[in-house]
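Have a look at the structure below before the remarks.
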Amino acid sequence: MIIKETFKITHKDKSTNARIGILQTKKGKIETPFFMPVATRGSVKTLDSQELEKIKVPAVISNALILSLREGETIVNEFKGIGKFMNYKGVNFTDSGGFQMYSPSIYLKSTKEGVFFKNPLNGEKILMTPEKNMKMQLDIGSEVAMCLDSMPMYTHSKKEIEDAVNKTSIWAKRCKIHHDSLQKNIPKSKRQLLFGIIQGGKYEDLREISTKQLLELDFDGYSIGGFGLGETIQEEFNIVKQVKSLLPENKPVYLMGIGNPVEILKGIELGVDIFDSRMPTQNARRGTLFTSEGKLRILRENCKFSPEPIDKNCNCFVCKNYSRAFIRYQLIHDEFTGKKLATYHNIYYLTKLIETAKEKIRQGKFQEFLKEVEENYKE
């Protein structure tokens, strides 16, 4: 099989930049836009691969660093890839683990050479280089890998964020060169894709520098990183709009760390194709659920005796079979069943939300749909 195009736009909305595309990977085609639940060690917390398939989750993202620290990289390699290891038919993305390396409890320093941090399991000092990270992600065998990037915090000074942009660009070039060299004898149709990560915080001039420097390297796709760290929604989408204006149409765009229904739809409105976040699963376990009428905080007293489903307009397994009262009771008593049912519903909701968004794009009615969801989620 010869891949002519890694990414192709198939539909566009009439009044916004929302679009539907096809991303071609070594495992097959996947339609965008889509949301990826976080499967840090190869599993989405409380859900197995058959349940993900039943929900029709098209892709998940795992953490290469965390897998490697616990022998996951070695074990997964024995199975010829994380998809086979998980018995998951969808597409697997891996993240470099850069965000975790910068955790205050283990972070030591970062230089142009790479990131120095302590192994949280035994305290051993580790230097993570772009080259080492690329080899790690190839050994894990995901369909799409992320470059190692320098992750600035929202509270950092502009000078610190500028330094992070410089390191991100230097590392991105090294990632691309090493990633290409490791796959030079592999047919293009069987290669792992590589996405560059654009940094720069809330500063448009730094985002422009980061975007243009990464464009020179011609990655398979581009991720917008550094969000979900305290910025306002307006700051976030000002940057998304600006970065999108600089990127070519034939490259998929991935907004990292975003899992709120309205933020996802607003991202789609601007032409974003891919999203991920641990927030929907984490929130579910803590009792905050997504519904067609907005957020439901199921731990509140008004759900204590409620026979209603989480969402009367939802067709998921949970809403067809369980009451709010039952799920609330399970969550309050920290039962696994409650966490599982709540998580199943939230992931189903987001998957269905994006499927509906795609239908509206095809019909030229996406903006009306966005306004309707925004209205339901007003607090």
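The values are calculated or read from the model by the stated rules, or taken from the named source; none is laboratory data. Bear in mind the structure is a predicted one, so any value in this text is a computation, not a measurement. Don't worry about glycine lacking a Cβ; one is built from the backbone with ideal geometry, like all the others, and counts go over all protein chains shown. For accessibility, only protein heavy atoms count, side chains too; no ligands or nucleic acids. Shrake-Rupley method; radii C 1.70, N 1.55, O 1.52, S 1.80 Å.
Looking at F290, F317, can you tell me which residue is touching a residue at least 40 places away in the same chain (Cβ under 8 Å) and crowded, with 23+ Cβ neighbours inside 10 Å? If you could, list the steps in order and put the result at the bottom.
Details: F317 fails: crowded, with 23+ Cβ neighbours inside 10 Å.
Going through F290, F317 in turn, the sole match is F290.
What about K188, is it in contact with a Gly (Cβ under 9 Å, 6 or more places away or on another chain), basic (K, R) and surrounded by fewer than 21 Cβ atoms within 10 Å (Cβ to Cβ)? Spell out the reasoning first.
Details: in contact with a Gly (Cβ under 9 Å, 6 or more places away or on another chain): no; basic (K, R): yes; surrounded by fewer than 21 Cβ atoms within 10 Å (Cβ to Cβ): yes.
Judged against the criteria, K188 is not a match.
What are the pairs with Cβ atoms under 6 angstrom where one residue, in segment 238-264, is farther than 12 Å from F227 by Cβ and the other, located anywhere, is open to solvent by less than 10 Å² (accessible area, probe 1.4 Å) and polar (S, T, N, Q)? Sequence gap at least six, or different chains. Close Cβ pairs satisfying both conditions: L246/T211. Taking the criterion of being touching a Leu at 6+ places or on another chain (Cβ under 8 Å), over 30 Å from S245 (Cβ atoms) and assigned to a strand (DSSP E or B), the residues of segment 255-296 that qualify are T288, L289, F290, K295, L296.
Taking segment 306-333 as the range and being within 27 Å of the chain's Cα centre (by Cα) and part of a loop (DSSP other than H, G, I, E, B) as the test, the residues that pass are I310, D311, N313, C314, N315, C316. Whether any residue in segment 185-197 is outside any helix (DSSP H, G or I), more than 20 Å from E131 (Cα to Cα) and of a type outside the set (D, E) is what I want to check. Scanning segment 185-197, I find at least one residue that is outside any helix (DSSP H, G or I), more than 20 Å from E131 (Cα to Cα) and of a type outside the set (D, E), so the answer is yes. Cβ separations smaller than 8 Å between residues 6+ apart or across chains give the following pairs from segment 297-309 residues that are within 8 Å of R324 (Cα to Cα) to residues that are open to solvent by 90 Å² or more (accessible area, probe 1.4 Å) and among the charged types (D, E, K, R): P309/K320.
Out of M128, M134, report the one residue that is touching a Cys at 6+ places or on another chain (Cβ under 6 Å) and not polar (S, T, N, Q). Testing whether each residue is touching a Cys at 6+ places or on another chain (Cβ under 6 Å) and not polar (S, T, N, Q) leaves just M134.
Per the conditions (1) out of contact with any helix residue (DSSP H, G or I) (no Cβ under 9 Å at 6 or more places or on another chain); (2) under 29 Å from D48 (Cβ atoms), the sole criterion not satisfied by E301 is (2). Screening L127 with (1) closer than 24 Å to G221 by Cβ; (2) open to solvent by less than 70 Å² (accessible area, probe 1.4 Å); (3) not polar (S, T, N, Q) gives one miss only, at (1).
Collect the residues in segment 112-125 that are under 17 Å from T168 (Cα atoms) and out of contact with any helix residue (DSSP H, G or I) (no Cβ under 8 Å at 6 or more places or on another chain), keeping them in residue-number order. Passing the criteria: E113, F116.
Figure legend. Inter-residue proximity from segment 333-347: first residues over 10 Å from L47 (Cβ atoms) and among the polar types (S, T, N, Q), second residues open to solvent by 10 Å² or more (accessible area, probe 1.4 Å) and assigned to a helix (DSSP H, G or I), beta-carbon distance below 6 Å, spacing 6+ or different chains. Indicated pairs: T337/Q330.
Of the strands (runs of 3 or more DSSP E) lying entirely inside segment 1-118, those carrying at least 2 residues that are under 24 Å from P248 (Cα atoms), at pLDDT 95 or above and open to solvent by less than 20 Å² (accessible area, probe 1.4 Å) are 19-25, 28-32, 34-37, 91-95. Can you find a residue that is part of a loop (DSSP other than H, G, I, E, B) and either of a type in the set (A, V, I, L, M) or surrounded by 19 or more Cβ atoms within 10 Å (Cβ to Cβ) (or both) anywhere in segment 297-305? Scanning segment 297-305, I find at least one residue that is part of a loop (DSSP other than H, G, I, E, B) and either of a type in the set (A, V, I, L, M) or surrounded by 19 or more Cβ atoms within 10 Å (Cβ to Cβ) (or both), so the answer is yes.
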